[in-house]
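Take a look at the structure set out below.
The values are calculated or read from the model by the stated rules, or taken from the named source; none is laboratory data. Keep in mind the model is a prediction, meaning the values are calculated, not measured. Ideal geometry is used to build each Cβ from the backbone, glycine not excepted, and the neighbour counts take in all protein chains shown. Heads up: the accessible areas ignore ligands, DNA and RNA and are worked out on the full protein's heavy atoms, side chains in. Shrake-Rupley method; radii C 1.70, N 1.55, O 1.52, S 1.80 Å.
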Amino acid sequence: LILDKKNQIISVEGNGGMGKTSTGIKILYDLIERDENPFEAVIWLTLKTKTLSHGEFVEIKDGIKEMSDVIEKSRQIMVSDNDTDAMETVVEFMNEFSTLLVLDNLETINTGEINAFLRRIPENSKVLITSRLGVGEFEVRQKIDGLEKNDAIAYYRELSKYYGLELHKQDDSEIYGIIHDNLYNNPLSIKWYISGIYSR
């Protein structure tokens, strides 16, 4: 979708912990390594406002919380001129240079402001969004669901071995019962479950 000229705004959607950010990072590494990468600039902005620390969610210092912060941070990355209008500067940069702007965790921002910005993206540039929610009617959405059964079991076993636990010795049906019924095939939930057992 990123390489297809038809798709200007692309969103990767899914519940928390499904791997949206990891998928976005993998896509970018694959894109950058391509000989025919169509972008002159790739810019990553995370809009994550909280992080898990010592079992508690804490605010990230200087986290991006409003669309104006997104525009201002983009402008700072793209150019250093503080005298021009931030929105105009970002749009002008993306018009001048073929740009892939990645907005990670966009669900933290008001969608009306987002749509006003996204409508102004020049044809030669694109925006890749990771979000728990869709942002509007004009983006191409790719939903990420939980891990497939075999992948979920393999991930559970690898984490068990990594932490030096014996959980990987359970049979497939027992493991998948835990993963499917209690952890909803969610990679982050599986990780927290295994690390929680390790911490006991």
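What's the carbon and sulfur percent of region 134-177's accessible surface, probe 1.4 angstrom, rounded to a whole number?
Looking at region 134-177 in its full context, I get 47 percent from C and S.
Among the GluC sites (Glu not before Pro) within region 98-200, which fall in a DSSP loop and have no more than 15 other Cβ atoms within 10 Å of their own Cβ?
When the GluC sites (Glu not before Pro) of region 98-200 are filtered for loop state and at most 15 Cβ neighbours within 10 Å, Glu123, Glu137, Glu148, Glu166 remain.
Could you give the nm distance between label points at Asn95 and Arg132, where each point is 7 Å from its Cα heading toward the beta carbon?
Output for this residue pair reads 3.7 nm.
Describe numerically, in nm with one decimal, the distance between label points set 7 Å from Cα along Cα→Cβ at Ala41 and at Glu107.
Placing both labels 7 Å along Cα→Cβ, they lie 2.9 nm apart.
Would you mind checking Lys26/Lys191; Lys26/Lys169; Lys126/Lys191; Lys126/Lys149; Lys26/Lys143; Lys20/Lys126 for any pair whose Cα atoms are more than 25 angstrom apart?
On the way: Lys26/Lys191 19 Å; Lys26/Lys169 31 Å; Lys126/Lys191 33 Å; Lys126/Lys149 34 Å; Lys26/Lys143 16 Å; Lys20/Lys126 18 Å.
From Lys26/Lys191; Lys26/Lys169; Lys126/Lys191; Lys126/Lys149; Lys26/Lys143; Lys20/Lys126, over 25 Å: Lys26/Lys169; Lys126/Lys191; Lys126/Lys149.
Which of the chymotrypsin sites (Phe, Trp or Tyr not before Pro) found in region 91-200 are in a DSSP loop and have at most 16 neighbouring Cβ atoms, other than their own, within 10 Å?
Passing sites in region 91-200 are Phe97, Phe138, Tyr163, Tyr184.
Just check region 152-196 against the gyration tensor rule for me: Cα atoms, a ≥ b ≥ c as the square roots of the eigenvalues, rounded for a/c under 1.5, and otherwise prolate or oblate depending on whether a/b exceeds b/c. Kindly include the intermediate steps, with their values, before the conclusion.
Values: a/c = 1.89, a/b = 1.16, b/c = 1.63.
Because a/c hits 1.5 or more and a/b fails to exceed b/c, region 152-196 counts as oblate.
For region 114-176, just say rounded, prolate or oblate: build the C-alpha gyration tensor, square-root its eigenvalues into a ≥ b ≥ c, call rounded for a/c under 1.5, and beyond that prolate if a/b exceeds b/c, oblate if not.
In terms of gyration-tensor shape, prolate.
Calculate, for region 100-139, the solvent-accessible area per residue in square angstrom, rolling a 1.4 angstrom probe over the heavy atoms of the protein chains.
Details: 1570 Å² over 40 residues.
Averaged over the residues of region 100-139, the accessible area is 39 Å².
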